[in-house]
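Note sheet for the following structure.
The values are calculated or read from the model by the stated rules, or taken from the named source; none is laboratory data. All figures in this text were calculated on a predicted structure; none of them were measured in a lab. All Cβ positions, glycine included, derive from the backbone under ideal geometry; neighbour counts span all protein chains shown. All accessible areas refer to the heavy atoms of the entire protein, side chains included, with ligands and DNA or RNA removed. Shrake-Rupley method; radii C 1.70, N 1.55, O 1.52, S 1.80 Å.
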Amino acid sequence: MSERLFALLVHDQPEPFDSLKRTLRDLHIETYSVSTCRDAEDLISQCQPHIIFTESALRDGSWVSILNIADTAKVPLNVIVVSAHPDTRFYVS
């Protein structure tokens, strides 16, 4: 039996994450959503997601905060930054 994949979504706005959630569930990937870096840190330490999708800006931090949290995980985590709005300054950074 294969391991079930788990994705953590860190966002406080519904778009584009509602569409992403549906797509991941169609691919049989479990999802869990949190809206703060603190909640993401708590969840990562408890259940080790396989991948993290995050907004670029959050109430208590940013995508950099999520990368730093992911770096402390017991296993390597992939982090993908998702945004509904084009931001060329973000892409440059």
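Computed quantities for the displayed model
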| quantity | calculated |
| --- | --- |
| Residues (part of a helix (DSSP H, G or I) and either closer than 9 Å to V10 by Cβ or in contact (Cβ under 8 Å) with a residue 12 or more places away in the chain (or both)) located in the range 46-73 | C47, W63, S65, I66, L67, I69, A70 |
| Test result for I29, modelled with pLDDT of 90 or more, touching a strand residue (DSSP E or B) at 6+ places or on another chain (Cβ under 6 Å) and under 12 Å from H11 (Cβ atoms) | no |
| Residue under evaluation P76, criteria (1) open to solvent by 50 Å² or more (accessible area, probe 1.4 Å); (2) not in a loop (DSSP other than H, G, I, E, B); (3) not aliphatic (A, V, I, L, M), criterion not met | (2) |
| Tabulated pairs, the range 10-30, first in contact (Cβ under 8 Å) with a residue 12 or more places away in the chain, second open to solvent by 40 Å² or more (accessible area, probe 1.4 Å) and among the acidic types (D, E), C-beta under 7 angstrom, 6+ apart or interchain | none |
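Okay, residues lined up against (1) of a type in the set (G, A, S); (2) touching a helix residue (DSSP H, G or I) at 6+ places or on another chain (Cβ under 9 Å); (3) closer than 23 Å to E3 by Cα; (4) modelled with pLDDT of 95 or more:
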{"site": "S19", "(1), (2), (3), (4)": "yes, no, no, no"}
{"site": "R25", "(1), (2), (3), (4)": "no, no, yes, no"}
{"site": "E41", "(1), (2), (3), (4)": "no, yes, yes, no"}
{"site": "I80", "(1), (2), (3), (4)": "no, no, yes, no"}
